[in-house]
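This report concerns only the one structure given below.
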Amino acid sequence: MHGPIIPVAPLLSVSALKKAVPGGRVLFGDLDLTLKPGEFVAITGESGVGKSTLLNLIAGLDVADAGSIAIDGVALDSLSDDARTLLRRDRIGFVFQAFHILPHLTLAQNVALPLVLQRGSSSDAMARATQLLDSVGLAGRGPDYPKALSGGELQRVAIARALVHRPALILADEPTGNLDPETAARILDLFAKQVRVSGAAALLVTHSSVAAAVADRTMKLTREGLAEIHAV
Amino acid sequence: MRSERNSISTRCARWMIAGEWRAHPGRAIVAAIAIAIGVALGFAVHLINASALNEFARAVRTVNGDSDLQIHSVTPFGFDEALYPKLARLSGIAGASPAVELSAGTSEDDETRITLLGLDGLRAGFVTPNLIGRRVEIGAPESEDALDESSLFLSQAALDETRKNIGDTITLSAAGHEVAFTIVGTLPGVAEGQSIGAIDIAAAQWRFGQLGRLQRIDLKLAGGADAENIRANIIAVLPADAEIVSQESAARRSDSLSRAYRVNLDMLALMALLSGAFLVYSAQSLSVARRRSQFALLRVLGVQRRALLAQVLAEGAVVGGIGAGLGLVLGLALASAALSFLGGDLGGGYFEGTRPQLIFAPVAAAVFLVLGLLAALFGSLLPAREAARAQPAVVLKNEGDVIDPSAVPAVWTAPILLALGGGAALVPAVGDLPVFGYLSIALMLAGGVAAMPLLARLLLAPLQRFAFAAASIDLALKRLWGAPSQAAIALCGIVASTSLMVAMAVMIASFRISVDEWMVQVLPSDLYLHVEGDSSGGLDVELQKKLAAVPGIAMIDFRKNVPLRLSPDQPPIAVMARTVDFNDAAGGLPLIGQSLPVPEGAVPVWLSEPGQWLYGYRPGDFLELPIGRETAGETTRVFVAGIWRDYARQQGSIVIGNEDYTKASGDVLRTDAAVDLAPGARPRDVIDAMRAELPPLLAARLTVAEPQELRALAMQIFDRSFAVTYLLEAIAILVGLSGVAATFSAQTLARTKEFGMLRHVGVLRRQIVAMLAAEGALLGTIGVVAGLALGLAISQVLINVVNPQSFHWTMETRLPYGLFATVTIVLIAAAAGTALFAGRRALSGDAVRAVREDW
C-alpha cells in the first residue's frame, strides 16, 4: 500500500534495496521507500531487523548490497565517500539515541558545529545556534558545558544541532530510547514541531508505537520489506 | 560473613582484571615491558659495576697479601726503613714484613705494567705467604726458595702479558732504573688476572735506587691482640710520610673514586624505570577512564571503594611483578654479555682493562625487584584513587562522560612540588653522594608533570577563544583546552622524557665545552712530553739540560707529577711541580677566583677544585705536605694561594713551584715537560732531536704530543665516558615516547563514538585525521615547551648540585641550541605522527557504528 502520487519530485527515493549482515543473514531484500519534501515518516520494527542500518544506508555511511538510494535525484552510489560526506553536511541532520554531544564544547558550539563545518561566518553560526537553543527551550544556556545537563536536555541540544543548518532531511535513530516516558513524550513533541517548522522531511526509526504516532505515516520494517501501517 | 564478602570481592576483582587483560592484552604487555627495561638496565649497570669493583678490590687484596694491617708510604718515594724495627718490636705484632713496591714497565712493551714487590722471603713467608714464589727448575722438582739478587717470580698473568716463560730474561724499568732479571718461578698464591712480580728486597732497594727506603710494611697481629691499642701504638711511631692502611680503608679508597660515577649511572638507569612508571600511569589512567561505568556498576552492586582501589593496584602489582622479574633475567643476561664482550668498564675509565667475572648480587636483585614493583604501583596509585572515587550514580547517568571544561585544574600541587624540589637542591651531599640532588630532580619532574593540566589550559586559552576557519584545528584546540587532564596524561610522558633529555644534554654540552676551553687554557705550549708510568723516576738533571739545548726549543718547562696519599680512605692526590710565574696570577693556571698574596717566606700551592672539596682546605689555609724525601719523614708547610679548575684529576691535585718542590723533596727527576718552539722550528724535527738525546730505553717510554692531539684524545675519552650515558638516556626517552604513543592510541580508540558522530554530521575522514594530527602537534608543542623549561631547571641541579657533589668540579652552563631545535621538531613531528597513526587505526574500523550503543 503506497501513498497517493503527487507531482512533486521525491526528496528521498529508495528502491529494491538489499542488505545482508556480515554473517550472510539478509536484513531486507527488496526495500522501496519514497519521501517527499517536508514529509515525516516513522519506521518501526523489532530489534535487529535493520532499522538503523537503513538510516546509515540513506546517510551514505554504509553501502547496500543491491538497489539504489537517491537524494534530490542524486544516486548515492555515484558519489565518492567525500561527496557523500559533503551531501550529509549540507542536506542531512541527525539525532541519535545516545545524544552524542561533545563534552568539550559549549552547548552553543555543539549546536553550531554543522554551520562551522560549512565554513559560514562564526558570528552568524553562533547567532543561529542561540536561536535554535531558544526554540528547544534552552534559552540562555549556550555558554554552558554539557556535563550538568539531563538526558532530556542533551537530546534537545541534539535536535537543535540536527536543524541548525536547515537540512532537507532529518534522520532520527531512537531519539527517545534513553529517556523516561514523560521526557520522551515532550522531546518527541518538540522534535515533530521543530521538524515541521523547519520544513524538512524526517525519517524516524523507533521501537515505540507512541513515538511513531507523531509521524505523518508509519511503516513497519520486516525481513520482507517495508509495509505501511498507518497514514494520516 | 566478612571473609565471605571479601572473597566475593576478590573473585570479582579477579574476573575484572582477567577480563580487562583479555580485552586489551597489548597494553598490559607494553607496560610490563617498560618496567622490565627499566629494571634490566638498572640491574645490569649495577652488576657490571659491582663485578668490576669486586675485581678491583680483589687486585688490591692480592697485592696486599694476607696481612692484617699495612703501613704504606704516602708517596712513591717510600719512607725510611728505620720504621721497620720500631714496628717489629711493638707488642701485639706477631710479624712484620718490609716491602718495596714499584710500578715496573718492561723494556719490550710500553703497555705492560707489573706491580713489582721487593720482599724478605722469610718474613713474607709468615705475614703474606700468598706472595711467596715457587721456583721451577727446568727438569728439576719444584721448590720454594729464598730469593737471590737476579731472580724474579712472576704471576701467571704477568707471564702471559709479557709473553715470557720460566728461564727467560726480562728487563724491568722502575724508579728511573732498568734492571735485567731471570724468571725463576711463579707466584701460585696470586689471584688469576693479577700482574705481579716478586724479587728480593735487597735487590729491589739496591738496583732500583731505593736504598734505605720502603714503600710498605705488612703486619700480622698476634692472636687476641687489641687492634685499637696496637693502632694507637703504631701511629705514635709513624712518620708523616707513612700511613696505616687496613683492608677496609683500602676497599674504601678503591670504592671512593668510582662511587659517584657508579651511583650516577645507576640513577640514569633508573630514569628508564621512571619512564616505565609514567607508561604504567598512562595505561592505567586510560584503562580506568574507559572502565568508569564498569566500576560504577560494581559500586552499585556492592563492591567497596577500597576493593576497587585494591583491584587497580593489584593490576599494577601484577604488571610490575612480571615486568621486574623479566627485567632481572634480562639484566643478568645483559650484564653477562657486556662483561664478556666489553669488559668491566662502562666508559668512565675507572675499570679500564678489567675482565671481571659476573657476580650475582642477590640483595641488589631484591632491591631492583622491589623498585620495579614500586614503579608500577606508583604509576597505578592515582588511577586507582580515581577508580575508587567514582560516584556511581553520576557516572552511570552520564555514561562515563567525565570531561568538564568548566572545572579549573589544580593550581597548588605543582608549585609546591617544584618549590620542594628547589629546596632539596640546596641540601648538602650525604656520604659524598648528591642524595638530595636526585630527590630534587624527582620532585621537579613530579611538579612539572603535575603542572601540565594548568599549563596546557593557560597556553591554549588565547588560542581557543579564536574561531579557526579550519574545523579540524578548531575542534582540536577546544578539545585539548576543555580536557586538560586527559591532555596531561599524554603529556606526562613527553614532558618527563624531554626534560630529562634536555637536562642531560645541557649538562653534557656545558661539561664538554668547559673541558674543551679548559684544555686550551692548560695547554698553551707547542709540545708536551711525558715519561710513561714512572712517577718515582724520570729525567735527571743532565738529561734535562741536554733536552733544553735541543735546537728549535725556545723554552722548556720540566714538570713532575707525583701521587701523594693524604688520607687512607682517598686515592692519592696528584702533586704537580711546574714553573709558576708569580707575576701572572698562578702561572697560567685556570684559577677559580683570585690568587691570594703569598705571605713572606711561605711556600705557595694551588689546590684543584676536587682537592678543595675532598680535603676541605680553603685559600689562605696552611697545610703540611709529606713530600720530604731526603729529610726523612718531615713535612713541608705550604700555603694554599688559590683554587684552580682541573677536570683531569678527580682525586684532586696540588700545583707547586718547581723549585719549591725540589727543595722540599730533594727530587730533581722530572716526568713531564712543556715545550715552546722557536719561530720556524718544525715539531717533528724537534721531537726527533729530543729522542736522540735520550738513552734508548727511556726514549721508548717517552711520549710527545701536540696540544691539539691531546685535546682530541681528551674529547674522545670524554665522549666514550658518556657513551653509556647517551645510551641509557636514549632508552629512557624511547620508553617515554612509547608511553606517549600508547596513550595517544588508547585515547583515540576511546573516542570512536565522537568520530562516528562527527562523520555523521559531515566531517570528512581526512578532517578527523587532520584534527588528530593537530591535537598531537599541539600536545607535542606544549610538551616540548614545558620539557625545555623543566629540563633547563633540572640541568641547573645537575650542573650546580649533582656534578659538584659527585665529581667535585663546577662548570659554566652552555646551551646546545641546535639540539633544542632538533628535539623540538622531532618531538612535535613524533607526537603528530603518533596521533595520526592512532587516528587512522581508529577510523579504519567502522567508526560509524560506534554511535549506536546497542548495535
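Rule-based calculations on the coordinates, nothing more; no lab input. The model shown is predicted, which means the values in this text are computed figures rather than measured ones. No Cβ is skipped: glycine too gets one built from the backbone with ideal geometry, and neighbour counts run over all protein chains shown.
Every helix of 4 or more DSSP H residues in chain A counts as -39500 (n - 2.57), and over all residues that averages to -10500 deg cm²/dmol at 222 nm.
Where in region B:181-288 are there GluC sites (Glu not before Pro) that are in a DSSP coil and have at most 14 other Cβ atoms within 10 angstrom of their Cβ? Mind showing how you got there, number by number?
Numbers: sites: B:E192, B:E228, B:E243, B:E248; in loops: B:E192.
Qualifying residues, ordered by number: B:E192.
Quick one: angle between helix A:81-91 and the longest Cα principal axis of chain A, in degrees between 0 and 90, rounded to 10, please. The two axes meet at around 60 degrees.
Counting DSSP beta bridges in the protein assembly as shown, what percent are antiparallel, to the nearest 5?
Details: 88 of 126 bridges.
Taking every DSSP beta bridge within the protein assembly as shown, about 70 percent pair in antiparallel fashion.
Rounded, prolate or oblate, given the Cα gyration tensor of chain B, with a/c below 1.5 counting as rounded?
Details: a/c = 2.69, a/b = 2.00, b/c = 1.35.
Prolate shape, in that a/c is at least 1.5 and a/b is the bigger ratio.
Derived scalar couplings between HN and Hα for region B:570-577 equal 10, x, x, 7, 9, 8, 10, 8 Hz in order, rounded to whole Hz, by the Karplus curve 6.51 cos²θ - 1.76 cosθ + 1.60 (θ = phi - 60°), x for Gly and Pro.
Dividing the summed helix terms, -39500 (n - 2.57) for each DSSP H run of n ≥ 4, by the number of residues in chain B produces a 222 nm estimate of -18500 deg cm²/dmol to the nearest 500. Dimensions of region B:670-747 along the principal axes, based on C-alpha atoms and rounded to the nearest Å, stand at 76, 30, 18, largest first.
Ignoring lysines fewer than eight residues from A:K19 along the same chain, the ones with Cα atoms less than 22 angstrom from its Cα are A:K51, A:K220. Of the complete DSSP H runs in chain B, those spanning 18 angstrom or more by Cα along the long axis with a mean Kyte-Doolittle score not below 0.5 are B:25-64, B:305-342, B:362-389, B:435-450, B:484-522, B:723-749, B:765-797, B:817-844.
Across peptide A:100-109, the average count of Cβ atoms from other chains found within 10 Å of a residue's Cβ is 6.
Restricting attention to region B:587-669, which GluC sites (Glu not before Pro) occupy a DSSP loop and are surrounded by at most 14 other Cβ atoms within 10 Å? Don't skip to the answer; put the middle values down first.
Numbers: sites: B:E600, B:E624, B:E630, B:E634, B:E659; in loops: B:E600, B:E630, B:E634.
The qualifying sites are B:E600, B:E630.
When B:I553, B:I217 are sorted by how many other C-beta atoms sit within 10 angstrom of their C-beta, beginning with the fewest, the order is B:I553, B:I217.
Against the empirical 2.2 N^0.38 Å scaling, what ratio does the C-alpha Rg of the protein assembly as shown come to? Walk me through the numbers before you get to the answer.
Details: Rg = 41.2 Å, N = 1087, 2.2 N^0.38 = 31.3 Å.
The value comes to 1.31.
Normalised Debye scattering of region B:527-705 at q = 0.18 Å⁻¹ gives log10 I(q)/I(0) of -1.19, counting only Cα atoms as equal scatterers and leaving out solvent.
Split chain A at each of the trypsin sites (Lys or Arg not before Pro) in a DSSP loop with at most 13 other beta carbon atoms within 10 Å, and the longest piece is A:120-222.
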